[in-house]
Amino acid sequence: MNCSLRIAGALFATAEFSFGQNVHSIANVFKPQATPANSVYNVSMLMLAICAAIFVVVGGLLTFTIVRFRSRKADDPREPAQVYGSNRIEIAWTVIPVLIVLVLGMATARAVVEVQGKRMPADALKVTVIGHQWWWEFRYPDLGIVTANELHVPLSMAAKPAVAALRLESADVAHSFWVPQLAGKTDVIPGITNHMWIDPQQEGIFLGNCAEYCGMQHANMLLRVVVEPAADFEKWAAAQKMDAGSDARLESARTTFLSLNCINCHTVSGTIATGTFGPDLSHLMSRATLASGMVPNTPENLRAWVKDPQAIKHGTLMPNMQLNSRELDEVVKYLSSLK
Ligand code: CUA
């Protein structure tokens, strides 16, 4: 193994370690794990097969012609036979492409109708996805849960299908919600509500990202979908519904946090912090990453983020609050308690 490979391997191992196990780290459209992604996959394979056949036929004929009818003498002055106006050929190369386009169009339309026309079952898990510059807000209206960047949904099984019905909205500009292994892209447009659904059939963490250029940190508008068995999902949901920790030992840290401007943008359930401009922090420590999937949620990264978010994610709307080191310690201590 050469050196750069070894470094890449080490980095990969580190990322796997810090982001936890079971991350489907390559967002591979060729390994669909939910019905909508599977429909997209089937259409893609049909398209690829037809295009490959066209490539082989056209490339084969071209190669054959070049070889078979090449000029055999270096100084042969004669032109080859010139053929004009063959009705049969004209008709063939009009009709065949029309048929191909028709087949592809109909296959695509069928997949679109299959995915978009599905009626949501009564027990579908409703989630409102709100795109922000540059993070994702996930609201579960029926459960009273608000979280960010990490969407939890139950595993769908043949015996007990589980559908998550997503309602997509934007708080600012156009974004696009894309988790390649679970579904195709759906645009997230200000003033318009779009809908999509997923029924993940494999446990684990699926990576996704914003797929519509939305400003400087578009590339760092990452998201993760955590697919877990129904019992684990229930456990997660129950924990999210609890008010944030009210440990008496954190009294001073909490007082400091609540006295700062943080509360104008962030919510911590059960406190006077009710801002909605930034991510809900009620259960910040239940999330594996910070800054919309950019860095692992470790105490060091949390401290660095609160100290100067711009250093990690230049352009993020969270300003450097110019906290002194006592305030910084207290805020990080308090945030670290929000499990
Ligand atoms: Cu949001 Cu790109």
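Take region 82-133 and flag every residue that is closer than 29 Å to Met45 by Cα and touching a His at 6+ places or on another chain (Cβ under 7 Å).
none
Restricting the search to region 219-249, which residues are within 16 Å of the ligand (Cβ to nearest atom) and either over 20 Å from Leu207 (Cα atoms) or surrounded by fewer than 18 Cβ atoms within 10 Å (Cβ to Cβ) (or both)?
Across region 219-249, the qualifying residue is only Ala219.
Restricting the search to region 159-176, which residues are farther than 14 Å from Asn194 by Cα, more than 16 Å from the ligand (Cβ to nearest atom) and surrounded by fewer than 18 Cβ atoms within 10 Å (Cβ to Cβ)?
Ala159, Lys160, Pro161
Out of all the residues in region 285-316, which are touching a Lys or Arg at 6+ places or on another chain (Cβ under 7 Å) and part of a helix (DSSP H, G or I)?
Correct list: Met285, Ser286.
Among the residues of region 29-46, write down those that are within 24 Å of the chain's Cα centre (by Cα) and in a helix (DSSP H, G or I).
Passing the criteria: Thr35, Pro36, Ala37, Asn38, Ser39, Val40, Tyr41, Asn42, Val43, Ser44, Met45.
Just the residues that are more than 16 Å from the ligand (Cβ to nearest atom) and within 9 Å of the chain's Cα centre (by Cα), please, taken from region 183-218.
Within region 183-218, Phe206 is the sole residue that qualifies.
Only one residue in Leu328, Leu317, Leu281 is more than 24 Å from the chain's Cα centre (by Cα) and at pLDDT below 95. Which one?
The match here is Leu328.
Would you pick out the residues in region 114-150 that are of a type in the set (Gly, Ala, Ser) and either within 11 Å of Leu166 (Cβ to Cβ) or surrounded by 19 or more Cβ atoms within 10 Å (Cβ to Cβ) (or both)?
Ala124, Gly131, Ala148
Go through region 264-310 and count every residue that is closer than 15 Å to Leu335 by Cα, among the acidic types (Asp, Glu) and surrounded by fewer than 17 Cβ atoms within 10 Å (Cβ to Cβ).
Final tally of qualifying residues: 1.
From the list Ile89, Ile54, pick out the single residue that is of a type in the set (Val, Ile, Thr), more than 19 Å from Trp197 (Cβ to Cβ) and more than 46 Å from the chain's Cα centre (by Cα).
Ile89
The values are calculated or read from the model by the stated rules, or taken from the named source; none is laboratory data. Bear in mind the structure is a predicted one, so any value in this text is a computation, not a measurement. With ideal geometry, Cβ positions are generated from the backbone for all residues, glycine too; neighbour counts draw on all protein chains shown.
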